[in-house]
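Asks: One structure is given below, represented as structure tokens, and several questions about it will come after.
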């Protein structure tokens, strides 16, 4: 049975101990924090966004949070997963990234019209160390499901990073390029537009595409 999700945006004063006070109340209600972020920080004011699971008594939780002196307002909202959905991350050379994004955005639009939620993020980036650090960071991005590496040559530390994030459940698609990255990826696609399309198909619940049957293949 899926966990019941609740999203809260809480505006608070900006002072030490605020996060502790909020999480203490959440813990007392046996709420599981699946995501937390501090957003919209202004002088003397901050916004804290929580995504919670399995809160037994939401009404009571809200009353206790509102009663805290540090809390200015509290608002329930849809979760980021429901609003923006799963994320496809595309990184590498600018021209290739643009072509992959063309395919990914067009395919995501087709599925989103049917009720899916998939968003596409891009970052044109060069340099082995820079790309390796960015690849590793994908595993820490909320809602990230797949990474497409678009370039002409990638290997070394980037390959190690690809192996590391695959072990954490991130799908990695590589363009057919020079270097060792294609050998470490889940799937290798020569055409950048098609790589973007297949990345979306692989994570979409509304697509009849099983990536497990395509692993280690080249197209």
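The values are calculated or read from the model by the stated rules, or taken from the named source; none is laboratory data. Model, not experiment: these values are computed from the prediction. For neighbour counting, all protein chains shown are included, and Cβ atoms are generated from backbone atoms with ideal geometry for every residue, glycine included.
Asks: Any idea which of (1) in a helix (DSSP H, G or I); (2) free of Cβ contacts under 8 Å to residues at least 24 places away in the same chain; (3) in contact with a helix residue (DSSP H, G or I) (Cβ under 7 Å, 6 or more places away or on another chain) is the one residue 22 doesn't satisfy?
Replies: Going through the list (1) in a helix (DSSP H, G or I); (2) free of Cβ contacts under 8 Å to residues at least 24 places away in the same chain; (3) in contact with a helix residue (DSSP H, G or I) (Cβ under 7 Å, 6 or more places away or on another chain), residue 22 breaks only (2).
Asks: Next up: Do the conditions hold for residue 60, that is, is it in contact (Cβ under 8 Å) with a residue 12 or more places away in the chain, surrounded by fewer than 18 Cβ atoms within 10 Å (Cβ to Cβ), out of contact with any strand residue (DSSP E or B) (no Cβ under 9 Å at 6 or more places or on another chain) and over 30 Å from residue 170 (Cβ atoms)?
Replies: Here the answer is yes, as residue 60 does meet what is asked.
Asks: Check off (1) loosely packed, with under 15 Cβ neighbours inside 10 Å; (2) out of contact with any strand residue (DSSP E or B) (no Cβ under 7 Å at 6 or more places or on another chain); (3) assigned by TED's automatic domain parsing to the domain that holds residue 201 for residue 94 and give me the number that stays unchecked.
Replies: Status for residue 94: all satisfied but (2).
Asks: Just to check your reading of the model, which residue among 74, 65 is over 28 Å from residue 147 (Cα atoms), part of a helix (DSSP H, G or I) and at pLDDT 85 or above?
Replies: Going through 74, 65 in turn, just one is over 28 Å from residue 147 (Cα atoms), part of a helix (DSSP H, G or I) and at pLDDT 85 or above: 65.
Asks: Give the residues of the stretch 104-129 that are under 17 Å from residue 172 (Cβ atoms) and over 19 Å from the mean Cα position of the chain (by Cα), sorted by residue number.
Replies: 128
Asks: If you don't mind, another one. Take residue 67 and tell me if it is surrounded by 18 or more Cβ atoms within 10 Å (Cβ to Cβ), on the phi < 0 side of the Ramachandran plot and not assigned by TED's automatic domain parsing to the domain that holds residue 147.
Replies: no
Asks: When you scan the stretch 130-142, do you find a residue that is touching a residue at least 12 places away in the same chain (Cβ under 8 Å), loosely packed, with under 15 Cβ neighbours inside 10 Å and in contact with a helix residue (DSSP H, G or I) (Cβ under 7 Å, 6 or more places away or on another chain), even just one?
Replies: yes
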